[in-house]
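A.B. asks: Okay, here's the structure, questions in a sec.
The values are calculated or read from the model by the stated rules, or taken from the named source; none is laboratory data. From a predicted model like this one, the values you see are computed outputs, not experimental measurements. All Cβ positions, glycine included, derive from the backbone under ideal geometry; neighbour counts span all protein chains shown. The area values use the complete protein model at the heavy-atom level, side chains included, leaving out ligands, DNA and RNA. Shrake-Rupley method; radii C 1.70, N 1.55, O 1.52, S 1.80 Å.
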Amino acid sequence: MTARFLSFGEDAQAGTFYFVGVIMGACQLLSLLELFHIADGFEECRLFPRFMQVMQRNVLLFLLISLEEFQSKPVVCVQFYLWNILGLLRYPHELFCLIGTPYFKMLWVHQTLSIPVYLLSAVTEGSSLTVLLLLKERKEDLESWNKKLKKD
């Protein structure tokens with residue numbers, strides 16, 4: 001998407017869905033596996049906020065697929081960028097936790113910087129409930145880390 005934007009300028013925004021829509025759709029379907037990972041205990045995360053996030057993205061994406069008049073709008077490009085930025089903030093932290101070496105600075109980056117990005121995303125998705133749940137999750141995670149650091 002970035003290469004297209006740098007090559008074609010603002011004209012690339014209109015064709016974003018046609019360029020990456022199928023890939024984003026496949027990735028969103030695979031994101032359902034994330035819910036199974038939480039339910040099976042592979043990932044230590046609260047299920048309900050992640051469920052809301054995954055379902056909102058799936059509903060929005062499939063609305064875009066069914067409503068062709070919105071597919072060429074610039075908001076689609078912005079939404080795809082916001083989703084990708086959220087992934088770039090979230091997945092490195094989860095990878096560190098998965099290999100057993102959680103890193104406090106990565107937790108802080110993930111929990112703190114993802115909230116403003118998600119607020120921008122919430123404008124287009126109308127997902128204020130998810131933002132509230134993520135803020136609560138952030139507070140609980142940071143408090144547990146502070147307790148661990150005080151014990152050490």
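A.B. asks: Cβ-Cβ under 7 Å, sequence separation 6+ or interchain: first residue in segment 79-101 and over 22 Å from residue 59 (Cβ atoms) and of a type in the set (D, E, K, R), partner modelled with pLDDT under 80 and open to solvent by less than 50 Å² (accessible area, probe 1.4 Å). Which pairs?
C.D. replies: Between residues of segment 79-101 that are over 22 Å from residue 59 (Cβ atoms) and of a type in the set (D, E, K, R) and residues that are modelled with pLDDT under 80 and open to solvent by less than 50 Å² (accessible area, probe 1.4 Å), the close pairs are 94/43.
A.B. asks: Report every pair of residues separated by at least 6 positions or lying on different chains whose Cβ atoms are under 6 Å apart, first residue within segment 31-54 and free of Cβ contacts under 8 Å to residues at least 12 places away in the same chain, second of a type in the set (D, E, K, R) and open to solvent by less than 80 Å² (accessible area, probe 1.4 Å).
C.D. replies: Final answer for the pair search is 37/43.
A.B. asks: Moving on. Filter segment 1-30 down to the residues that are under 14 Å from residue 77 (Cα atoms), in contact (Cβ under 8 Å) with a residue 12 or more places away in the chain and among the aliphatic types (A, V, I, L, M) and list them by number.
C.D. replies: Within segment 1-30, 1, 12, 14, 20, 24 meet the criteria.
A.B. asks: For segment 124-133, which residues satisfy the criterion of being open to solvent by 20 Å² or more (accessible area, probe 1.4 Å) and either at pLDDT 65 or above or touching a strand residue (DSSP E or B) at 6+ places or on another chain (Cβ under 9 Å) (or both)?
C.D. replies: Of everything in segment 124-133, those that are open to solvent by 20 Å² or more (accessible area, probe 1.4 Å) and either at pLDDT 65 or above or touching a strand residue (DSSP E or B) at 6+ places or on another chain (Cβ under 9 Å) (or both) turn out to be 128, 129, 132, 133.
A.B. asks: Would you confirm, using the coordinates I've provided, whether residue 62 is of a type outside the set (D, E, K, R) and more than 29 Å from residue 141 (Cα to Cα)?
C.D. replies: In short, yes.
A.B. asks: Let me ask you something else. Which residues, counting only those in segment 102-123, are more than 18 Å from residue 142 (Cβ to Cβ) and either at pLDDT 75 or above or more than 13 Å from the chain's Cα centre (by Cα) (or both)?
C.D. replies: 123
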